[in-house]
Amino acid sequence: MRTQFLPSGLLAGVVSLVVVACASVDEPPVAATDATWFEGARLIDGGGGPPVEGAVFLVEDGVFAWVGRAGEREAPPDAARVDLSGKTVIPALIDAHQHIGLTNVKDGSHSPDNYTRANLVEHLERSAYHGVAATMSLGLEFDEALAFELREAVLPGAARFLTSGRGIAATPMAGPQQPYRLGIPRGARTEAEGRAAVEELHGHGVDLVKIWVDDRGGTVPKLEPPVYQAIIDEAHARGMRVTAHLGTTSGLADAKALLRAGVDGFAHTVRDRDIDDEYMTLVRERPEVWTVPNLPGSPVTHDDLSWLGQTLPPFEIENLRREADRLAAEGPGAFFELQCRNLARNREAGMTIGMGTDSGVSVAWTTHTELRDMAGCGLDAMEVIEAATRVNAEILGLDDLGTVAPGRQASFVVLDADPLDDITNTRRIDGVYLRGEPVDREALRTKFMDGVR
Ligand SMILES: [Zn+2]
């Protein structure tokens, strides 16, 4: 398959240049054909229906032009052909919650100094490498101008960067508590400050507002209910939506108040106590409200590190091995089991369930461990795949991603084995295509490992 990777795209680029150059002013240029016919795969299209055996799809100009089965249509005579027999295709994945940029994967350092274009782009390339087409940064944009610039960029071989801009907490010091993250949020102690922050974000073209509703165990002021009500109302008046971070000490009470206030989604699940019937009733009234579970590490999260050795520096593999040993010795832990139970309760209430890694330290590959942990908490493999594809596309307002369907971007992952048999098969990636172009994973591996200790 690899031999068919580069030439079709490159050749089409050359052909279209030539066509444009030769066209006279009066005659519009004849569109160059950039068609590829993919055949033979088992297709999980992200829509939740049964997989299609012997699927065929036509990609033209980076978009799915047609999706069907063998024999329903002939390949266009000039199309390149790719045989995917024995493979499984899923839509490219989407991460609805991460915090990239502050950590340097190569040396493990955490610092605002890491928030550079080069570091962010490498994180986006790591996402692409692991089959992620778009990834949402929720609120820790140390250099907001850079974040907004990157949001507009189309980078070959890299995931799309989505951003909420700097999120809103009670004060700039009331966001995530790691020292290297302090001072980044917008602060809002009054309704007027909350509305002003939303207005500013709207001016930056943000359509998803991140708020932190958390007093960090009583150490910092918490966003007050009248203030988040004003933020939610102002956002809705401007066609924006609001996603809330819940704390670990008062999450259930805050979740209920936020549901009543009209919040659109949660960046975590409830993680301070078991969800109760009152919460279940509120969710049943508003099933469109989403949760992005991002479960903490489970004992099996790091059980297999063999698939990571080619992309992570040895010191990080060693850290993961130690963490795996610790989890194996101590068991899943109450924090994991609580969130597992609450994910099941959210599902029972019919809540919209997306997928987010909350990654900042270890980026991109954690998408696959998150999928595995969601399945481990009782979601079936199809639901987990939908969460990370179609549902996340809906949550993030991406109408061009999330499913393999005509008109959508041809961003998809080719797997060596079926994730419906075993969700960890999402790690067995044979190839990733973004906007119709194959990602050169071999070149990316070399880049990722260049300069590591
Ligand atoms: Zn987060």
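The values are calculated or read from the model by the stated rules, or taken from the named source; none is laboratory data. Here the structure is a predicted model, which means the values were calculated and not measured. Glycine gets a Cβ as well: all are built from the backbone with ideal geometry, and neighbour counts include every protein chain shown.
Yes/no per residue for (1) surrounded by fewer than 23 Cβ atoms within 10 Å (Cβ to Cβ); (2) closer than 22 Å to residue 358 by Cβ; (3) charged (D, E, K, R):
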{"position": "45", "(1), (2), (3)": "no, no, yes"}
{"position": "96", "(1), (2), (3)": "no, yes, no"}
{"position": "105", "(1), (2), (3)": "yes, yes, no"}
{"position": "112", "(1), (2), (3)": "yes, yes, no"}
{"position": "135", "(1), (2), (3)": "no, yes, no"}
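So, in region 68-114, exactly how many residues are among the hydrophobic types (A, V, I, L, M, F, W, C) and out of contact with any Ser or Thr (no Cβ under 9 Å at 6 or more places or on another chain)?
Within region 68-114, the first condition is being among the hydrophobic types (A, V, I, L, M, F, W, C), and the residues that meet it are 70, 75, 79-80, 82, 84, 89-90, 92-94, 96, 100, 102, 105.
Those left that are additionally out of contact with any Ser or Thr (no Cβ under 9 Å at 6 or more places or on another chain): 70, 75, 84, 89.
Residues that pass the stated criteria total 4.
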Query raised in the report: Restricting attention to region 14-25, does a residue exist that is in contact with a Ser or Thr (Cβ under 6 Å, 6 or more places away or on another chain), assigned to a loop (DSSP other than H, G, I, E, B) and either farther than 25 Å from residue 406 by Cβ or at pLDDT below 90 (or both)?
Result: no
**Report entry** Single condition residue 80 does not satisfy, out of (1) in the same structural domain as residue 367 (by TED's automatic domain parsing); (2) away from the ligand (no atom under 16 Å from the Cβ); (3) over 19 Å from the mean Cα position of the chain (by Cα)
**Finding:** (1)
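Tell me whether region 89-112 contains one or more residues that are within 26 Å of residue 404 (Cα to Cα), within 15 Å of the ligand (Cβ to nearest atom) and among the polar types (S, T, N, Q). Walk me through it before giving the result.
Residues of region 89-112 that are within 26 Å of residue 404 (Cα to Cα), as a first pass: 89-98.
Narrowing the set further to residues that are within 15 Å of the ligand (Cβ to nearest atom) leaves 95-98.
This time we only want the ones that are among the polar types (S, T, N, Q), so: 98.
Yes - at least one qualifying residue is present in region 89-112.
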Query raised in the report: For residue 420, are the conditions met, namely being surrounded by 19 or more Cβ atoms within 10 Å (Cβ to Cβ), of a type outside the set (D, E, K, R) and modelled with pLDDT of 95 or more?
Result: no
Query raised in the report: Can you tell me which residues in region 128-164 are away from the ligand (no atom under 16 Å from the Cβ), within 26 Å of residue 387 (Cβ to Cβ) and part of a helix (DSSP H, G or I)?
Result: 128, 129, 150, 151
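Out of region 272-314, which residues are polar (S, T, N, Q), surrounded by fewer than 16 Cβ atoms within 10 Å (Cβ to Cβ) and part of a loop (DSSP other than H, G, I, E, B)?
Narrowing region 272-314 to residues polar (S, T, N, Q): 281, 291, 294, 298, 301, 306, 310-311.
Next, from what is left, pick out any that are surrounded by fewer than 16 Cβ atoms within 10 Å (Cβ to Cβ): 281, 306, 310.
Of everything in region 272-314, those that are polar (S, T, N, Q), surrounded by fewer than 16 Cβ atoms within 10 Å (Cβ to Cβ) and part of a loop (DSSP other than H, G, I, E, B) turn out to be 306, 310.
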Query - Which listed residue, of 183, 203, 187, 218, is closer than 29 Å to residue 393 by Cβ and more than 23 Å from the chain's Cα centre (by Cα) - result: 203
Report task. Six or more apart or on different chains, Cβ under 6 Å: which pairs go from a residue in region 234-246 that's closer than 17 Å to residue 394 by Cβ to one that's among the basic types (Lys, Arg) and within 15 Å of the ligand (Cβ to nearest atom)? Could you list them? Result -> 243/210
**Report entry** Residue list for region 118-164, filter: free of Cβ contacts under 8 Å to residues at least 12 places away in the same chain and of a type in the set (Gly, Ala, Ser)
**Finding:** 118, 145, 153
